[in-house]
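Here the structure comes first, spelled out in structure tokens, and everything after it is commentary.
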Amino acid sequence: MFRAAVRFSVSGVRSLARTQPGCQAPLASRWYSHGKQETDEEFDARWVTYFNKQDIDAWELRKGMNTLIGYDLVPEPKIIEAVLRACRRLDDFASAVRVLEAVKDKAGPHKDIYPYLIQELQPVLKELGISTPEELGIDKA
């Protein structure tokens with residue numbers, strides 16, 4: 001009985017030690033679609049068009065912002081301007097402030113991005129009467 005156990009364990013070790021050419025790791029390759037890659041300008045134009053829809057509703061606004069914030073980027077000022085104008089059309093001040101908070105959060109550790117965006121958006125913020133989170137004092141929490 002001991003001999004059978006040793007024989008099975010030795011054959012098990014041998015099978016582990018053998019190299020099997022059929023079990024190689026697959027090559028690291030990507031199978032991208034053959035579709036056209038979207039440029040930065042096309043991306044920006046797509047989102048500006050989305051938020052500039054005159055019949056956009058609150059759900060579409062939130063869905064678009066959630067999708068946009070999900071990308072690995074900080075939106076351009078022209079996209080944020082379109083979002084803020086959509087918030088004004090919907091008369092949704094809270095969403096406008098939340099958009100600014102989301103952009104500030106998305107900028108993360110890059111402390112120069114958010115002030116740049118606010119500087120670029122300042123005329124729009126004044127025109128639409130939208131206060132920043134800093135002006136409202138809710139950035140201290």
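The values are calculated or read from the model by the stated rules, or taken from the named source; none is laboratory data. Here the structure is a predicted model, which is why all the values come from computation and not from measurement. Just so you know, the surface numbers come from the protein's heavy atoms only, side chains and all, with ligands and any DNA or RNA stripped out. Shrake-Rupley method; radii C 1.70, N 1.55, O 1.52, S 1.80 Å.
If you roll a 1.4 Å probe over the stretch 43-141 with all protein chains in place, what percent of the accessible area is carbon or sulfur?
That fraction is 53 percent.
Structure shown: which of 36/63; 53/78; 104/140 lie over 18 Å apart, alpha-carbon to alpha-carbon?
36/63
In terms of solvent-accessible area of protein heavy atoms at a 1.4 angstrom probe, what is the ranking of 49, 67, 132, highest value first?
49, 67, 132
So for the stretch 49-104, what percent of the C-alpha to C-alpha distances run longer than 17 Å?
Everything past 17 Å amounts to 24 percent.
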